[in-house]
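Below is one structure; the comments refer to it alone.
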Amino acid sequence: MNQETRAFIAIGSNIEPERHIALGLEALNQIPTTRIGAVSSWYRTRPWGLEAQAAFINLVVEVWTRLTPSALLAATQGVENRLGRVRAQVNGPRTLDLDILLYGERVDDMPELRLPHPGLLLRDFMLIPLLEIAPEVMHPERGHPIAELTDEIRYHQIIDRIPDASQARG
């Protein structure tokens with residue numbers, strides 16, 4: 001791929017989240033032909049799916065990449081694995097979760113990756129941080145700016161916005 005594509009990745013952690021998110025951001029910036037652009041605020045969020053676990057910290061980052069969607073997925077899963085991600089329990093505790101939300105205007109339904117992410121419009125902890133850094137982005141399936149689609153949120157997990165990431169240690 002010669003041209004850079006603008007993509008957005010949701011980041012979440014509830015096992016030593018400050019440490020794992022910082023390491024995850026560092027690792028994302030080291031993926032070949034990929035660079036981080038904007039980074040949203042960090043949000044403390046209630047667990048989704050399995051509620052009997054620690055609160056998460058979630059954010060969204062913009063990346064510019066020359067990787068294909070599948071190669072970007074492989075790279076992000078490699079980062080998760082290097083940082084100790086264990087997939088023992090669906091929606092369970094995790095050191096780091098990296099989900100590709102959008103990849104340019106791409107719409108795909110591959111077994112390993114759906115674009116746009118199927119939870120994007122449903123989960124506030126994905127959509128709100130994305131809106132913070134890219135309110136103008138169009139939803140590739142809906143043909144509307146994502147800012148016009150907030151009424152579709154079904155899962156309200158955000159507890160609060162962490163004004164300064166260094167305060168996430170509370």
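Per-structure values
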item	result
Sequence of V60, V39 when ordered by accessible area, the most exposed leading, probe 1.4 angstrom	V39, V60
Electrostatic dipole magnitude of the stretch 69-170 [Cβ: Lys, Arg +1; Asp, Glu -1; Cα centre; debye, to 20]	520 debye
Potential lengthening between D151 and S41 on full extension [0.36 nm per residue; Cα-Cα distance subtracted]	37.5 nm
Extent along principal axes [Cα atoms of the stretch 97-155; Å; largest to smallest]	28, 24, 19
For a label point 7 Å along the Cα-to-beta-carbon line of R142, residues of the stretch 8-46 with backbone N under 14 Å	none
Heavy-atom accessible surface of the stretch 27-115: percent carbon and sulfur, 1.4 Å	51 percent
Dipole of the stretch 90-170, positive direction: furthest Cα of M126, I159, P140, with charges on the beta-carbon	I159
Dimensionless Rg over Rh [the stretch 9-161; C-alpha; Kirkwood]	0.93
Ranking by accessible area, most exposed first, for H117, H139, H156 with a 1.4 Å probe	H156, H117, H139
The chain, dipole about Cα centre (Lys/Arg Cβ +1, Asp/Glu Cβ -1), debye to the nearest 20	460 debye
By accessible area with a 1.4 Å probe, ligands and nucleic acids excluded, highest first: order of S40, S70	S70, S40
The stretch 83-170: trypsin sites (Lys or Arg not before Pro) falling in loop per DSSP and having at most 15 other Cβ within 10 Å	R87, R106, R142, R154
Segment R106-A55, extension gain: residue separation times 0.36 nm, minus the distance between their alpha carbons	15.2 nm
Bridge type composition, the chain - antiparallel percent by DSSP, nearest 5	95 percent
Options L113, L73, G84, ranked by Cα towards positive dipole end of the stretch 61-117, top entry (Cβ charges)	G84
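The values are calculated or read from the model by the stated rules, or taken from the named source; none is laboratory data. Keep in mind it's a predicted model, so treat the numbers as computed, not measured. Cβ sites come from the backbone with ideal geometry, for glycine too, and all protein chains shown count toward neighbours. The area values use the complete protein model at the heavy-atom level, side chains included, leaving out ligands, DNA and RNA. Shrake-Rupley method; radii C 1.70, N 1.55, O 1.52, S 1.80 Å.
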